[in-house]
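Data block below; observations after.
Only the coordinates and a few stated rules stand behind these numbers; no lab work does. These numbers come from a predicted model, not from an experiment. Cβ atoms come from the backbone with ideal geometry, glycine included; neighbour counts cover every protein chain shown.
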Amino acid sequence: MNRTQTKGLTGKDLMTAGLFTAVYLVGYVLISCICGMVPLMAMTMQFFTSLILGIPMMLYFAKIKKFGMVLITYTANGLLMILLGIGAYALVFGVICALIAECILKAGKYRSFNLAVLAYAITCIGANGNAILWVVGSEEYLAKTAASMGQEYLNTVTGYFAHWWVLPAVFVSAFIGGLLGGFIGKKVLRKHFVRSGIL
Amino acid sequence: METVLRNTRPGRKQMFLDPRSKLMLCLTVIIITLAGSGTGIMKYVRVVLSVVPIIFFLLLGKTWLSAYYAALYAFAMTVPDLIAPYLPPVVNLLFTGVIAVSTQMIPAMSMFCFLVITTSVSEFIAAMDRMHVPKVITVPVSSMFRFFPTIAEESSAIRDAMRQRKTGSIKKPMEMLEYRFVPLLMSLVSIGNDLSASALTRGLDAPGRRTNVCMLGFHWPDTLVFVFCGAVMVLFCVSLIFGI
C-alpha cells in the first residue's frame, strides 16, 4: 500500500499507532512489574523497559512516514497512565519529548535509522516521567512517618535525599537504555523483519 | 426511530450510567488519590472514595473481585504503617516509596477497571464524539483496547508452541526475546494490517460523523454521580484553601 503521498494521517496510520501503543503499554507494565518485585531493581526499571521495548518501537519508528504518529502514541500512553492512576508526569514529559522526537525524525526525512534510534531514546526519557513520583512519594511518605519518630530519625532519612543525582541518573539510564535498545532493535529488524518481508 | 433512541436508557450492563459520568467518577477518584494530601477531612473523603469501587463491583455481581480489592487495600493501608518504624532507614527508603505510591494507585486502578468492564468500545467512541474529542485520539485508543486481549491470546499461543520446541523460556532472556517477542510482534503486525483493512472497508476513513445506536444520555443516576463528584471536589478545594 503506497499511501505516503497523502498528507494527513489515514485510518490505517491511526490503527498502527493504536497497535504499537498497546504493545508498548503491555510491555512496559509487565517489565516494570518484574523489576518492581525486587526492590533494588526498581530504580533500574527505566533502563530495562527502554532496552527491551526498543525492539517493537524500532519496528514502529521504521513504519512511521508522517508527522504526528509518535505524538499520538505518547499522548495516548500518558492519558492511560493518568487513568490508571500512575501519574500525570508521563503525559507532560511524554508530549514534550515526543515533539522533539518528531522533529528529529522529520530532519532525517523518516529514513535515517540512526536518527530514529536517537528519537526513540529521547521519547524514553519522557515516557519514564513518572519516576519523579517514586522519588517524591518516598520522600513524602518518610517525612510523614518521621514526624512520629523524632528528630534523629528525620536526620538520617533526609541524609539519603541529599543524593540529588538520583533523579537525573534515572533519566540518564532511561536514555542510555533507549539508545542500546534502539540498536538492538535495529539488529533484530535486519535479522527478522526485513527478511520476512514485514517491513 | 428518533423516539425509540430517545427513550432507551443505559441498562444494567452499563451500570445505568453514561460513559461520560463514569469517566468523571474515574477522574475524581484519580485526582483525589494522587493529589490529595491525606490530612484533615480529606482523610475521610479518601476512605469514602476507596469504598466506591467496592460498591460498583458488588452491584456488578463481582463478589470475588470486590473482596480481593478490599483485602488488598486494607493490607496496603495498615501493614506498612505498622512495620515501617521497626525497619532500618535503608529498607524504608527502598520499600516505602514503592508501597506508598502503589497504595495510592489501587482505588484509581479499580475505577479504571470498572470503566473498562462496563463500557463497550462503541459506547466509548460515541461518548468521546459527543465531547468533541478528535478522531486522532479516539481511534488509536479504541484500537489499543481492541489489541489487549489479542496480545494475551497470541502470546500464550506462542508460549505453547515454543515450549513444545523446548526453547524461549524465561531462564534465557536473549532467547526469550528472539523466539517469543519477535514472533509475537510479527503476528500482531499482520493482525493489525487485517484489522485496519476491515475497519477501512467499514468506513473508518469516511468523512462526516460516525453514527451509532448506543444508549447515551444523562438520567437521574448520572445526576447522583455528578453531585457526588462535585461535593468531593468542593471538599478538596476547601481543604486545600483552609488547610483543614
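Couple of notes before you dig in:
- Straight-line cross-link reach from B:Lys22 at under 29 Å between alpha-carbon atoms covers these lysines, not counting any fewer than eight positions away in the same chain: B:Lys13, B:Lys43, B:Lys62, B:Lys135.
- Peptides B:135-143, A:88-96 ordered by packing proxy, namely the average of other Cβ atoms within 10 Å per residue, highest first: B:135-143, A:88-96.
- Modelled FRET efficiency - R0 41 Å, B:Tyr44 with A:Val172, Cβ distances, 0.05 increments: 0.45
- Proximal lysines to A:Lys186, defined as alpha-carbon separation beneath 25 angstrom and excluding residues fewer than eight positions away on the same chain: A:Lys12, A:Lys63, A:Lys65, A:Lys66, A:Lys106, A:Lys109, B:Lys171, B:Lys172
- The calculated FRET efficiency for B:Arg130 paired with B:Phe242, based on their beta-carbon distance and R0 = 30 Å, is about 0.25.
- Under the simplified labelling scheme, the B:Ala70-A:Ser196 pair shows an inter-label distance of 4.8 nm, with each label point 7 Å from Cα along Cα→Cβ.
- Separation of the B:Leu59 and B:Leu82 label points, Cα + 7 Å toward Cβ, nm: 3.3 nm
- Two-decimal ratio, region B:126-201, of alpha-carbon radius of gyration to 2.2 N^0.38 Å: 1.45
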